[in-house]
1. Mind checking which residues of segment B:72-114 are of a type in the set (Lys, Arg) and modelled with pLDDT of 95 or more?
2. Does segment A:11-50 hold any residues that are part of a loop (DSSP other than H, G, I, E, B), within 12 Å of chain B (Cβ to nearest Cβ) and surrounded by fewer than 20 Cβ atoms within 10 Å (Cβ to Cβ), and which are they?
3. Does B:Arg59 fit the bill of being within 14 Å of chain A (Cβ to nearest Cβ) and crowded, with 19+ Cβ neighbours inside 10 Å?
4. If you go through segment B:20-41, how many residues are under 13 Å from B:Tyr90 (Cα atoms), at the interface with chain A (Cβ under 10 Å from one of its Cβ atoms) and assigned to a loop (DSSP other than H, G, I, E, B)?
5. Looking at A:Glu56, A:Glu5, which is the one that is surrounded by fewer than 17 Cβ atoms within 10 Å (Cβ to Cβ), more than 9 Å from chain B (Cβ to nearest Cβ), modelled with pLDDT under 95 and in contact with a strand residue (DSSP E or B) (Cβ under 9 Å, 6 or more places away or on another chain)?
6. In segment B:94-116, which residues are touching a residue at least 24 places away in the same chain (Cβ under 8 Å), crowded, with 17+ Cβ neighbours inside 10 Å and facing another protein chain (nearest Cβ under 9 Å)?
7. Report, by residue number, each residue of segment A:28-41 that is more than 14 Å from A:Leu99 (Cα to Cα) and at pLDDT below 95.
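The values are calculated or read from the model by the stated rules, or taken from the named source; none is laboratory data. Bear in mind the structure is a predicted one, so any value in this text is a computation, not a measurement. As a convention, Cβ positions derive from the backbone with ideal geometry for all residues, glycine included, and neighbour counts pool all protein chains shown.
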Amino acid sequence: GQSLEQPSEVTAVEGAIVQINCTYQTSGFYGLSWYQQHDGGAPTFLSYNALDGLEETGRFSSFLSRSDSYGYLLLQELQMKDSASYFCAGNYGGSQGNLIFGKGTKLSVKP
Amino acid sequence: DTGVSQDPRHKITKRGQNVTFRCDPISEHNRLYWYRQTLGQGPEFLTYFQNEAQLEKSRLLSDRFSAERPKGSFSTLEIQRTEQGDSAMYLCASSGTSGRARETQYFGPGTRLLVL
């Protein structure tokens with residue numbers, strides 16, 4: 001079946017830049033989403049890439065390379081409030097849109 | 001617009017009992033999704049509706065689980081004869097149907113179920 005792999009934990013300091021990688025299985029793949037989830041909270045949409053390249057939204061950017069079956073989320077100018085879990089999610093349902101989530105990367109931002 | 005809401009937020013039940021959860025999506029959203037999330041894992045897709053039609057169910061979804069969206073607005077998820085392995089956070093999400101709106105799912109706060 002479809003699965004997505006991402007690192008389980010990442011630690012960085014305030015003001016730094018961090019990249020969270022995600023590799024995915026290509027069969028049936030339509031696009032890659034990223035979600036943020038704070039402890040005890042609901043997942044919140046960050047970005048979606050259907051085409052190769054970089055999508056920028058404020059301090060967050062997301063990249064997709066279909067030829068490498070790989071994407072990443074780039075967080076710049078890290079703030080303490082960015083400490084959360086970040087999930088990549090593959091759209092394998094096409095127009096249906098149901099998502100297959102990775103296990104998540106727990107980001108800890110230190111002062 | 002108050003976002004996606006779910007009720008109850010917490011549920012404790014004894015093994016073998018039935019439970020029902022409710023989700024109210026964002027009002028203009030046609031699509032509604034149910035996911036389950038356990039500690040340290042990502043949300044796992046359960047089922048999906050477009051308007052009142054249930055278009056897909058995960059193969060992982062046991063026959064004890066049933067979901068409805070009778071009028072294309074709110075949805076209910078029922079678990080019959082609960083088992084301890086059903087303990088999890090049950091998340092509901094909604095989205096639009098075309099383009100960027102389809103790719104952006106808005107999640108509710110979830111219902112945390114504990115089966116004793």
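1. B:Arg81, B:Arg112
2. At the first step, the residues of segment A:11-50 found to be part of a loop (DSSP other than H, G, I, E, B) are A:14-17, A:25-30, A:38-43, A:50.
After this cut, where a residue has to be within 12 Å of chain B (Cβ to nearest Cβ) as well, the list is A:30, A:38-43, A:50.
Hits for segment A:11-50 are A:Tyr30, A:His38, A:Asp39, A:Gly40, A:Gly41, A:Ala50.
3. Working: within 14 Å of chain A (Cβ to nearest Cβ): yes; crowded, with 19+ Cβ neighbours inside 10 Å: no.
Taking the combined requirement at face value, the residue does not satisfy it.
4. 1
5. Result: A:Glu56 is the single residue among A:Glu56, A:Glu5 that is surrounded by fewer than 17 Cβ atoms within 10 Å (Cβ to Cβ), more than 9 Å from chain B (Cβ to nearest Cβ), modelled with pLDDT under 95 and in contact with a strand residue (DSSP E or B) (Cβ under 9 Å, 6 or more places away or on another chain).
6. B:Ser95, B:Arg102, B:Gln105, B:Tyr106, B:Phe107, B:Gly108, B:Pro109, B:Gly110, listed by residue number.
7. A:Asp39, A:Gly40, A:Gly41
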